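To start, the structure itself, in structure tokens.
The values are calculated or read from the model by the stated rules, or taken from the named source; none is laboratory data. Bear in mind the structure is a predicted one, so any value in this text is a computation, not a measurement. All Cβ positions, even for glycine, are placed from backbone atoms using ideal geometry, and neighbour counts span all protein chains on display. Just the protein is used for accessible areas: all its heavy atoms, side chains included, with ligands, DNA and RNA removed. Shrake-Rupley method; radii C 1.70, N 1.55, O 1.52, S 1.80 Å.
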Amino acid sequence: QVQLVESGGGLVQPGGSLRLSCAMSRSIYTMYTMGWYCQAPGKQRELVARIFNGDSTYYADFVKGRFTISRDNAKNTLYLRMNKLKLEDTAVYYCNVEWGGSSYFGQGTQVTVSS
């Protein structure tokens, strides 16, 4: 199993920035697919960004050019840098890893964008 613990969420004004972190209980060096999802109130959880072994990335259209996903293998940590935040980015953000045939999520961290 893999335990994931997110941090870094909070309240930010429109146009502001946050960096989310996801610490994992296992080495991420060989983990092929990791990502971030978000779930706004009343909506389904949706994919925000993914990073693959080899560091190729995928971004949902609604975050392209604003968010950056990255990994630090030495720290077993996944990051999501969020710039130019919008009101509609308000959601709970979850990190995710596909490992050993299973999909794991953390408990989530709340991001609230409000003036």
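General remarks:
- Qualifying residue in the range 71-78 (condition: loosely packed, with under 15 Cβ neighbours inside 10 Å, polar (S, T, N, Q) and within 23 Å of residue 16 (Cα to Cα)): no
- Hey, residue 40 open to solvent by less than 40 Å² (accessible area, probe 1.4 Å) and either out of contact with any Phe, Trp or Tyr (no Cβ under 8 Å at 6 or more places or on another chain) or under 17 Å from residue 97 (Cβ atoms) (or both) or not: yes
- Tally of residues being open to solvent by less than 60 Å² (accessible area, probe 1.4 Å), over 21 Å from residue 114 (Cβ atoms) and either of a type in the set (Phe, Trp, Tyr) or within 15 Å of the chain's Cα centre (by Cα) (or both) across the range 1-16: 1
- Only a single criterion out of (1) under 10 Å from the mean Cα position of the chain (by Cα); (2) open to solvent by less than 60 Å² (accessible area, probe 1.4 Å) is not satisfied by residue 19, namely (2).
- Within the range 59-73, one or more residues are under 18 Å from residue 5 (Cβ atoms) and of a type in the set (Ser, Thr, Tyr).
- Selected residue [open to solvent by 80 Å² or more (accessible area, probe 1.4 Å) and small (Gly, Ala, Ser)] from 108, 101, 35: 101
- Residue match in the range 57-67 (condition: more than 30 Å from residue 115 (Cβ to Cβ) and not β-branched (Val, Ile, Thr)): yes
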